[in-house]
Amino acid sequence: VVRPGSTAGVADLVAAARRHKVALVAQGGNTGLVGGGVPHMGEVVLSLRRLDDVGPVDRLAGQVTVGAGVRLETLQAHAAAAGLAFGVDLAARGSATVGGMVATNAGGSHVVRYGSMRSQVVGVEAVLGTGQVVSRLGGLVKDNTGYDLAQLLCGSEGTLGIVTLVRLALVPAPRDLVVGLLAVRSLAETIELASELRWALPGVRALELMTGESLRPVAEHLADPLPVTADAEAYLLVEADGGSTSVPRRADPAEDLIAAVASTVPGTAVVLDSAVATAEHERARLWRYREAHSEVAVSLARERSVIAHKLDVTLPTAGLARFCHDVVALAKERWPGSEMLLFGHVGDGNLHVNVIPPAGSAGEGIDAAVLELVMAQGGSISAEHGIGVAKKPWLERNRSVSEVDAMRAIKAALDPAGILNPHVLFGR
Ligand SMILES: Cc1cc2nc3c(=O)[nH]c(=O)nc-3n(C[C@H](O)[C@H](O)[C@H](O)COP(=O)(O)OP(=O)(O)OC[C@H]3O[C@@H](n4cnc5c(N)ncnc54)[C@H](O)[C@@H]3O)c2cc1C
């Protein structure tokens, strides 16, 4: 493991790796879920954690420049201290780094409001696989001077260049946050409600789906009974704000939320029950039900001495309800006794399909069956976690031959010696 402390140090390492034909695997917080930051074939780990400089917040531009090794939580606290906020949030915030988030184009809970990581990136400094350093950190929001190299590095999973510094856009600090947990009659109606709330609720920041079958074991595991009926088919967690801290209070976001739900599902019994929280600890409690899903899936699998199959996919919004129905039916039919935690950032059409096979079963074929279903219904096999090594065999099935050829040509041009994450993305 090599831990350089500067862009020049990274450039020296890349030069040495090129000379000696040694493969490098970039690693930030190692929270990636597809094995992209892990050496599988004896590669040298290039840890970016020492690149943790945090520049002053430029309030005039609403931007900040930080090192690739800065943890998301540190960035969030830094922006908050300057009265602003960062637009991306995810449960791995205590470990995930800015460089890793750029390299995976991380999404998270607030994409519905602010977009994914690429929407926050204004510029980067990086060492390409050619050994050349590219640096464009001037903070120009509009800059149509040829190819946008920063955007090319977003989602490149360490295969084209090593990101060392990032210029990021910040967003207004939200005021008067409200979180609602809505117990909804059916899954299809939960998806419709989420779609409508994007237009009806002015300060919407997150729209998270959990099926009843997934939320009930999570609540049980947390030993925290749900504050709403436990009998619903699906649940929607909604977060909204009441404007920004820079301006006086606009409206009561809790009233906005209740009015938006009422106007979306007038006069029906679609929403069976609801809990609304404004105090920080109450909001955190409602979020905990959603954020604990991933760890509860692992715990449930451990109790059965099996491995949880975790898939992160997107479907076209119109086909989301059908996919949810079909994937649950598929698991029940092909792997009887399996448990399914189905949840996700439904505002972006993003579902996390976690299947825990029955005790004694490796769940052979689950990943393939779920991903086949996704592709058959026009979806993407990776919504926000990337391809890494876990989904390599599927890339060429999910993207056309011409698209993959173009990707390979870019890889060959920027990493001609093939030393950057050579076992990620392409090949079987
Ligand atoms: C509990 C939990 C919740 C999560 N929730 C979400 C979520 O909601 N949304 C989401 O999108 N992801 C989520 N993730 C996945 C993960 O947090 C993100 O992919 C994150 O962006 C990875 O950052 P990292 O620093 O840990 O990168 P790593 O895991 O270290 O690396 C990830 C990839 O980026 C490359 N890389 C790392 N640093 C650099 C660099 N400086 N330059 C070039 N390449 C680099 C690596 O080679 C690897 O391919 C979650 C993970 C966990 C454990």
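The values are calculated or read from the model by the stated rules, or taken from the named source; none is laboratory data. Quantities reported herein were computed from a predicted structural model and do not represent experimental measurements. Positions of Cβ are backbone-derived with ideal geometry, glycine not excepted, and every protein chain shown enters the neighbour counts. For the accessible areas, the whole protein counts, side chains as well, though only heavy atoms, and no ligand, DNA or RNA atoms are used. Shrake-Rupley method; radii C 1.70, N 1.55, O 1.52, S 1.80 Å.
From Glu333, Glu295, Glu384, Glu364, grab the single residue that is part of a loop (DSSP other than H, G, I, E, B) and either without any contact (Cβ under 8 Å) to a residue 60 or more places away in the chain or basic (Lys, Arg) (or both). Selected residue: Glu364, the only one of Glu333, Glu295, Glu384, Glu364 that is part of a loop (DSSP other than H, G, I, E, B) and either without any contact (Cβ under 8 Å) to a residue 60 or more places away in the chain or basic (Lys, Arg) (or both). The sole residue among Thr104, Thr97 that is within 29 Å of Arg198 (Cβ to Cβ), within 8 Å of the ligand (Cβ to nearest atom) and of a type in the set (S, T, N, Q) is Thr104. When you scan region 35-58, how many residues do you find that are modelled with pLDDT of 95 or more, in a loop (DSSP other than H, G, I, E, B) and more than 13 Å from the ligand (Cβ to nearest atom)? Of the residues in that region, 4 qualify.
Of all residues in region 306-330, those satisfying the criterion of being assigned to a helix (DSSP H, G or I), without any contact (Cβ under 8 Å) to a residue 60 or more places away in the chain and either open to solvent by less than 20 Å² (accessible area, probe 1.4 Å) or of a type outside the set (Gly, Ala, Ser) (or both) are Arg322, Phe323, Asp326, Val327, Leu330. Output the residues belonging to region 352-407 that are more than 27 Å from Met117 (Cα to Cα) and of a type in the set (A, V, I, L, M, F, W, C). If the condition is that a residue be more than 27 Å from Met117 (Cα to Cα) and of a type in the set (A, V, I, L, M, F, W, C), then Val355, Ile356, Ala359, Ala362, Ile366, Ala368, Ala369, Leu373, Ala376 are the ones that fit. Restricting to region 99-111, what's the tally of residues that are closer than 13 Å to Gly158 by Cα, more than 9 Å from the chain's Cα centre (by Cα) and either of a type in the set (Val, Ile, Thr) or in a loop (DSSP other than H, G, I, E, B) (or both)? Summing the residues that are closer than 13 Å to Gly158 by Cα, more than 9 Å from the chain's Cα centre (by Cα) and either of a type in the set (Val, Ile, Thr) or in a loop (DSSP other than H, G, I, E, B) (or both) in region 99-111 gives 1. Applying a threshold of 6 Å to beta carbon distances and a minimum spacing of six or more residues, or different chains, the list of pairs starting in region 102-113 at a residue that is farther than 17 Å from Val166 by Cα and among the charged types (D, E, K, R) and ending at one that is more than 8 Å from the ligand (Cβ to nearest atom) and open to solvent by less than 30 Å² (accessible area, probe 1.4 Å) reads Arg113/Arg205. Give Thr164, Thr145 a once-over and let me know the one that is at negative phi and surrounded by 24 or more Cβ atoms within 10 Å (Cβ to Cβ). Of the residues listed, the single one that is at negative phi and surrounded by 24 or more Cβ atoms within 10 Å (Cβ to Cβ) is Thr164. Each residue in region 141-162 was checked for being among the acidic types (Asp, Glu) and more than 13 Å from the ligand (Cβ to nearest atom), and 2 pass.
Flag: Met340 matches the condition of being touching a residue at least 60 places away in the same chain (Cβ under 8 Å) and more than 12 Å from the ligand (Cβ to nearest atom). Can you tell me which residues in region 65-90 are assigned to a loop (DSSP other than H, G, I, E, B) and either at pLDDT 95 or above or farther than 20 Å from Gly155 by Cβ (or both)? Correct list: Ala68, Gly69, Val70, Ala82, Gly83, Phe86, Gly87, Val88, Asp89. Residues of region 387-409 that are part of a loop (DSSP other than H, G, I, E, B) and either hydrophobic (A, V, I, L, M, F, W, C) or more than 16 Å from the ligand (Cβ to nearest atom) (or both): Ile387, Val389, Ala390, Arg399, Ser400. For region 276-305, filtered to residues that are among the hydroxyl-bearing types (Ser, Thr, Tyr) and more than 22 Å from Val179 (Cα to Cα), the residue that is surrounded by the most Cβ atoms within 10 Å (Cβ to Cβ) is Ser299. Restricting attention to region 163-178, the residues that are under 20 Å from the mean Cα position of the chain (by Cα) and either within 8 Å of the ligand (Cβ to nearest atom) or part of a strand (DSSP E or B) (or both) total 6.
Examine region 368-377 for a residue that is β-branched (Val, Ile, Thr), crowded, with 18+ Cβ neighbours inside 10 Å and without any contact (Cβ under 8 Å) to a residue 60 or more places away in the chain, and state whether such a residue exists. No, because not a single residue in region 368-377 is β-branched (Val, Ile, Thr), crowded, with 18+ Cβ neighbours inside 10 Å and without any contact (Cβ under 8 Å) to a residue 60 or more places away in the chain. For the condition within 12 Å of the ligand (Cβ to nearest atom), open to solvent by 40 Å² or more (accessible area, probe 1.4 Å) and part of a helix (DSSP H, G or I), what is the one hit in Arg118, Arg216? Matching residue, one of Arg118, Arg216: Arg118. Residues that are at pLDDT 95 or above and open to solvent by less than 30 Å² (accessible area, probe 1.4 Å): does region 255-275 have at least one? Within region 255-275 (the criterion being at pLDDT 95 or above and open to solvent by less than 30 Å² (accessible area, probe 1.4 Å)), the answer is yes, since at least one residue qualifies. Residues that are free of Cβ contacts under 8 Å to residues at least 40 places away in the same chain and either of a type in the set (Val, Ile, Thr) or within 16 Å of the ligand (Cβ to nearest atom) (or both) are absent from region 222-229.
All of Leu201, Leu160 fail the test of being in contact (Cβ under 8 Å) with a residue 24 or more places away in the chain, within 30 Å of Ser47 (Cβ to Cβ) and in contact with a strand residue (DSSP E or B) (Cβ under 9 Å, 6 or more places away or on another chain), apart from Leu160. Checked against (1) at pLDDT 95 or above; (2) surrounded by fewer than 15 Cβ atoms within 10 Å (Cβ to Cβ), Ala362 meets all criteria but (1).
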